[in-house]
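First the structure, in the form of structure tokens, and then the observations on it.
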């Protein structure tokens, strides 16, 4: 006789015995509970707070009285600090007729081509509009299609302030100067003053001449005038060319000035 074999279901769990939970691999708090709050993260690893965003959006403040005082009393620059190669000893860098065309490679000295140029802060806000042409700046680099400059000849309280200027607003050193610009008369002399005291006319002060010329000029009645420190430099057109007159220049400077200039690298 055959007996049919069958499968039987496992017996139900005993009443009153709890079903065990699976073991957890974490002996401490779960990962989400252990993450630091955003405020506890280092500044570079967390998103900015609303307060930080608001502070970053604030316009740049004008220089303080201490900043102005420090900028106005800078020691003269040492030409040895300029890492750029000096022109050949036999090169006449004061002959603007031989200066090259085209753009220049920062860093280099430059002057504003016309009055009404606006210096903007690194955040894009207008800092000031220059009322004079021929204001000296030091071009430090390029940023977003504009030039990053230090405004050496800007009026107080913006003297030595940093900012942005359009490239076409500047006359770079060692680049051809338009004949109809008074700078064609000034720049050969300004370059000579930058090189040594030997280029300064007898009885006049090098720092004073540099300081006045770097502050820019105005034109009235066909005369271009640079003024400052109680002194005056003028240029008039004679025979179609601008001619410089230094008779009104002061014989002593009211403070030190950064006469040395920076020659473009290329």
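Note on region 168-180: among residues that are closer than 14 Å to residue 264 by Cα and out of contact with any helix residue (DSSP H, G or I) (no Cβ under 8 Å at 6 or more places or on another chain), the one that is surrounded by the fewest Cβ atoms within 10 Å (Cβ to Cβ) is 175.
The single residue among 219, 233 that is over 18 Å from residue 110 (Cβ atoms), surrounded by 16 or more Cβ atoms within 10 Å (Cβ to Cβ) and in contact with a strand residue (DSSP E or B) (Cβ under 9 Å, 6 or more places away or on another chain) turns out to be 233. Tally up the residues in region 237-266 that are farther than 24 Å from residue 175 by Cβ and either in contact (Cβ under 8 Å) with a residue 60 or more places away in the chain or not in a loop (DSSP other than H, G, I, E, B) (or both), please. Adding up the residues that qualify gives 4. Is there a residue being touching a strand residue (DSSP E or B) at 6+ places or on another chain (Cβ under 8 Å) and either modelled with pLDDT of 95 or more or farther than 25 Å from residue 126 by Cα (or both) anywhere in region 197-208? Looking for residues that are touching a strand residue (DSSP E or B) at 6+ places or on another chain (Cβ under 8 Å) and either modelled with pLDDT of 95 or more or farther than 25 Å from residue 126 by Cα (or both), one finds at least one in region 197-208, hence yes. The lone criterion from (1) modelled with pLDDT under 95; (2) part of a loop (DSSP other than H, G, I, E, B); (3) surrounded by fewer than 13 Cβ atoms within 10 Å (Cβ to Cβ) left unmet by residue 80 is number (2). Among the residues examined, residue 153 does not qualify as more than 30 Å from residue 240 (Cβ to Cβ), in contact with a helix residue (DSSP H, G or I) (Cβ under 9 Å, 6 or more places away or on another chain) and assigned to a loop (DSSP other than H, G, I, E, B). Reported count of residues in region 176-185, each being more than 12 Å from residue 114 (Cβ to Cβ) and in contact with a strand residue (DSSP E or B) (Cβ under 6 Å, 6 or more places away or on another chain), is 2. Candidates are the residues of region 181-211 that are assigned to a loop (DSSP other than H, G, I, E, B) and either in contact with a helix residue (DSSP H, G or I) (Cβ under 8 Å, 6 or more places away or on another chain) or in contact (Cβ under 8 Å) with a residue 40 or more places away in the chain (or both); the one that is surrounded by the fewest Cβ atoms within 10 Å (Cβ to Cβ) is 203.
Checking each residue in region 124-161 for being farther than 24 Å from residue 177 by Cα and within 12 Å of the chain's Cα centre (by Cα) picks out 143, 160, 161.
Evaluation of residue 234 against the conditions (1) closer than 25 Å to residue 138 by Cβ; (2) part of a strand (DSSP E or B) shows that the sole unmet condition is (1).
The values are calculated or read from the model by the stated rules, or taken from the named source; none is laboratory data. From a predicted model like this one, the values you see are computed outputs, not experimental measurements. Heads up, the Cβs are rebuilt from the backbone with ideal geometry, glycines too, and the neighbour counts pull from every protein chain shown.
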